[in-house]
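Data block below; observations after.
Since every read-out is calculated from the coordinates, none of them should be taken as a lab result. Predicted model only: the values in this text are computed from it and were never measured. So basically every Cβ, Gly included, is an ideal-geometry build from the backbone, and we count neighbours across all protein chains shown.
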Amino acid sequence: FVAGDDRPKHTFFGEAVEGEVRALNPGLAYGRLRVGPKDHGYTRDEIVALTETPSDLDPAAGILTQGEGNVLSHVQLLARALGIPNIVLGPKAFDRLRMHDGATVVLIATPGGRVIIEDAAHLTPAVREAYDEFTRNLTRTSGIHERNSKWSPDGRWIAYVSDASGEDEIYLRP
């Protein structure tokens, strides 16, 4: 974890988090937060929070682990290759997630190492701006380019441009 005045300013659900947070992979995820799912009990569009880095993990929208494990593990390398945000948390930071299990959240890990986790329905303009800085494949479909994502004013819908049909079209999804 980074120490000193230059450490990134992390925010979990509107509250500053000091230390205990390290972004291994920058990226962006939107989905239901699953804290401690058992036996791969999650889907690829959910954000998983695990008490340890497993030896094998199915793809997820985002990965949060308590403790780093081996940075050259299959999970760490796969997450990096797929552009999945991968965050290491200390015990206190991990405990902050438990009360939000099942909530739809936005996870942002900036290239500078800053981590933001917010309830998707309560995004501030600053968090929406950070989210909009990223261009990403919202549906995680290879060969598809999705861009220009924008949130609805109530934070419940996202509109984006995709070439999934072979031509650029506007899509809207919760």
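Residue separation times 0.36 nm, minus the C-alpha to C-alpha distance between residue 44 and residue 124: what's the value?
Length gained between residue 44 and residue 124: 26.2 nm.
Given 0.36 nm per residue, what is the gain on full extension from residue 52 to residue 154 after removing their alpha carbon distance, in nm?
Working: separation 102, 0.36 × 102 = 36.72 nm, distance 3.47 nm.
That pair, residue 52 and residue 154, stretches by 33.2 nm at full extension.
What dipole magnitude, in Debye to the nearest 20, does region 90-129 give about its Cα centre under +1 on Lys/Arg Cβ and -1 on Asp/Glu Cβ? Before the final figure, lay out the partial values.
Values: 5 positive and 5 negative charges, 28 e Å.
The calculation lands at about 140 debye.
For residue 11, list long-range residues whose amide hydrogen, built 1.01 Å from N in the peptide plane, is under 5 Å from its own amide hydrogen.
Long-range HN contacts for residue 11: 17, 115, 116, 117.
Using packing as a proxy for protection, rank 18-31, 36-49 so that the peptide with the highest average count of other Cβ atoms within 10 Å comes first.
On the way: 18-31: 20.2, 36-49: 15.9.
Descending packing order for the listed peptides: 18-31, 36-49.
If you count, for each residue, the other Cβ atoms within 10 Å and average over each peptide, how do 166-172, 156-162 line up from highest to lowest?
Values: 166-172: 10.0, 156-162: 15.7.
The packing order, highest mean first, is 156-162, 166-172.
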